[in-house]
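Please treat every number below as a calculation from the coordinates, not as lab data. For clarity, every value in this text was computed on a predicted model and none was experimentally measured. Ideal geometry is used to build each Cβ from the backbone, glycine not excepted, and the neighbour counts take in all protein chains shown.
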Amino acid sequence: MHSFGYRANAVVTLAVTILAVMCSMASLSDNFNVPSPTAEVKVLNINWFQKQANGNDEVSLTLNISADLSSLFTWNTKQVFVFIAAEYETPQNALNQVSLWDGIIPSKDHAKFWIHTTNKYRLIDQGSNLRGKEFNLTLHWHVMPKTGKMFADKIVMTGYRLPEEYR
Ligand SMILES: *[C@@H]1O[C@H](CO)[C@@H](O)[C@H](O)[C@H]1NC(C)=O
Ligand SMILES: *[C@@H]1O[C@H](CO)[C@@H](O)[C@H](O)[C@H]1NC(C)=O
């Protein structure tokens with residue numbers, strides 16, 4: 001005869017197995033969702049652009065960020081971390097990446113938004129490379145699911161350029 005403890009254990013084991021199967025089905029079905037997020041970032045103003053005392057260039061921008069990340073949300077999405085980076089090349093580095101703004105989107109209701117903001121993090125170059133510099137603004141996102149693996153992707157927006165002169 002099985003003891004009570006043995007049966008309780010068997011029930012728990014079965015429940016855990018069912019839960020595990022459901023979780024892996026959840027993250028599998030999530031892979032069939034092909035997200036199609038959109039984003040647009042306008043540089044509304046160069047607030048100032050100068051060389052610091054130590055010789056590094058710094059620029060302050062006003063941005064209008066609009067995005068629709070609704071399609072990243074499924075019932076398995078916990079939240080989405082999003083950041084915007086300025087990306088540019090210099091003689092020293094093939095890729096310089098400077099984060100300008102970030103946010104956490106807690107739900108689908110908040111996934112379609114626009115925000116008028118100055119750069120939240122400082123855009124400083126390790127040198128004086130920014131005059132007339134072409135750059136990209138890239139919207140990166142990290143989707144944190146309730147179960148399964150995190151995934152990340154980005155939208156690259158090209159064709160931005162800083163002024164030739166400090167101001
Ligand atoms: C920012 O972009 C949104 C969406 O494109 C637009 O409705 C809004 O008027 C823009 N704001 C400014 C200050 O340009
Ligand atoms: C901007 O992005 C385009 C397309 O991904 C890439 O070819 C180009 O090298 C990038 N430019 C800079 C300045 O990083």
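Comparing mean-square fluctuations of LEU72, LEU139, LEU14 from a GNM of the chain with C-alpha springs under 10 Å, the top value falls on LEU14. Annotation: lysines with alpha-carbon distance below 17 angstrom to LYS120 (same-chain offsets under eight excluded): LYS42.
In the chain, helices alone account for a calculated mean residue ellipticity at 222 nm of -6000 deg cm²/dmol, with every DSSP H run of four or more residues adding -39,500 (n - 2.57). With a cut-off of 9 Å between beta carbons, the residues surrounding TYR88 carry a summed charge of -3, where Lys and Arg count +1 and Asp and Glu -1.
When the listed pairs LYS78/LYS112; LYS51/LYS133; LYS133/LYS154; LYS112/LYS154 are checked against a 20 Å cut-off, the alpha-carbon distance exceeds it for LYS133/LYS154.
Annotation: amide H of PHE151 within the under-5 Å range of VAL143, sequence separation 5 or more or interchain, hydrogens built in the peptide plane.
Taking the Cα centre of the chain as origin and assigning +1 to Lys and Arg Cβ atoms and -1 to Asp and Glu Cβ atoms, the resulting dipole is close to 500 debye. Taking 7 Å steps out from each Cα toward its Cβ at LYS149 and ALA20 produces label points 1.9 nm apart.
Relative to its residue count, the range 102-142 spans a Cα convex hull of 116 Å³ per residue. Taken over the alpha carbons of the chain as equal point scatterers, the Debye sum produces base-10 log I(q)/I(0) values at 0.20 Å⁻¹ of -1.21.
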